[in-house]
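Notes follow once the structure below has been shown.
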Amino acid sequence: QVQLVESGGGLVQPGGSLRLSCVASGLSFSFTTMSMRWYRQAPGKERELVAGISSTSGSTNYADSVSGRFAISRDNGKNAVYLQMNSLKPDDTAVYLCYAQRRIFGRDYNYWGQGTQVTVSS
C-alpha cells in the first residue's frame, strides 16, 4: 500500500523560506515510475497545483504564482520529492499536499498525502 508522508511545514514570516519533503513508502515498484506534484489548498479556496516533476526526464512546471520562488526536486534514491519555498508571502498560506501518479498500460494510479500546514504571517 503506497503511502505519501509530507513534512517540513510550519509558521514562517513573510520573506522567509521553508523546505517541504514528501517520502513515499510501501512501493512494490520503482519510485522513478511516478510523476510527482505539490498541490495546496487554502481555507475557502479550491485546491491549486503548485509544482510538478516528471517521472523520467525530471522536467518541472510551476504555477505562475510561485514561479521563480519555489523549486521542486526529487531524490529517487530516497523515494522523496521536495519543495523549496523562498520569498514566502501570506498568500502562500495553505495546506500543502503531495501527489503521485503512475500510469501503467493506459491506467492512472493516483496517491495523495495527508498534507502539511504552511502559515506565512508576521
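The values are calculated or read from the model by the stated rules, or taken from the named source; none is laboratory data. On a predicted model such as this, the values are computed, not experimentally measured, just so you know. A quick note on method: Cβ atoms are made from the backbone with ideal geometry, for glycine too, and the neighbour counts reach across all protein chains shown. Remember, those area values only see protein heavy atoms, side chains included, never the ligands or the DNA or RNA. Shrake-Rupley method; radii C 1.70, N 1.55, O 1.52, S 1.80 Å.
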Failed condition for Ile104, given (1) open to solvent by less than 20 Å² (accessible area, probe 1.4 Å); (2) closer than 26 Å to Gln1 by Cα; (3) more than 12 Å from the chain's Cα centre (by Cα); (4) of a type outside the set (Phe, Trp, Tyr), with all others met?
-> (1)
Reported set for the range 83-119 where residues are modelled with pLDDT of 95 or more and in contact with a Lys or Arg (Cβ under 6 Å, 6 or more places away or on another chain) is Gln84, Asn86, Ser87, Ala94, Tyr96, Tyr99
With (1) under 30 Å from Ser122 (Cα atoms); (2) in a loop (DSSP other than H, G, I, E, B) as the list, and Tyr96 as the residue in question, which single condition is left unmet?
-> (2)
Determine if the range 75-92 includes at least one residue that is more than 21 Å from Gln114 (Cβ to Cβ) and either open to solvent by less than 30 Å² (accessible area, probe 1.4 Å) or touching a helix residue (DSSP H, G or I) at 6+ places or on another chain (Cβ under 6 Å) (or both).
-> yes
Restricting the range 8-19 to residues that are open to solvent by less than 60 Å² (accessible area, probe 1.4 Å), touching a strand residue (DSSP E or B) at 6+ places or on another chain (Cβ under 6 Å) and assigned to a strand (DSSP E or B), the residue that is farthest from Asp91 (Cα to Cα) = Leu18
Restricting the range 107-122 to residues that are surrounded by 11 or more Cβ atoms within 10 Å (Cβ to Cβ) and of a type in the set (Ser, Thr, Tyr), the residue that is farthest from Leu88 (Cα to Cα) = Tyr109
Residue list for the range 59-74, filter: open to solvent by 50 Å² or more (accessible area, probe 1.4 Å) and in a loop (DSSP other than H, G, I, E, B) = Ser59, Asp64, Ser65, Ser67, Gly68
If a residue has to be farther than 17 Å from Tyr111 by Cβ, assigned to a loop (DSSP other than H, G, I, E, B) and either free of Cβ contacts under 8 Å to residues at least 12 places away in the same chain or open to solvent by 50 Å² or more (accessible area, probe 1.4 Å) (or both) to count, how many in the range 20-58 make the cut?
-> 6
Residue list for the range 43-71, restricted to those being in contact with a Phe, Trp or Tyr (Cβ under 8 Å, 6 or more places away or on another chain) and farther than 19 Å from Val120 by Cα = Gly52, Tyr62
Evaluate the following for Ala80: is it among the small types (Gly, Ala, Ser) and under 20 Å from Gln1 (Cβ atoms)?
-> yes
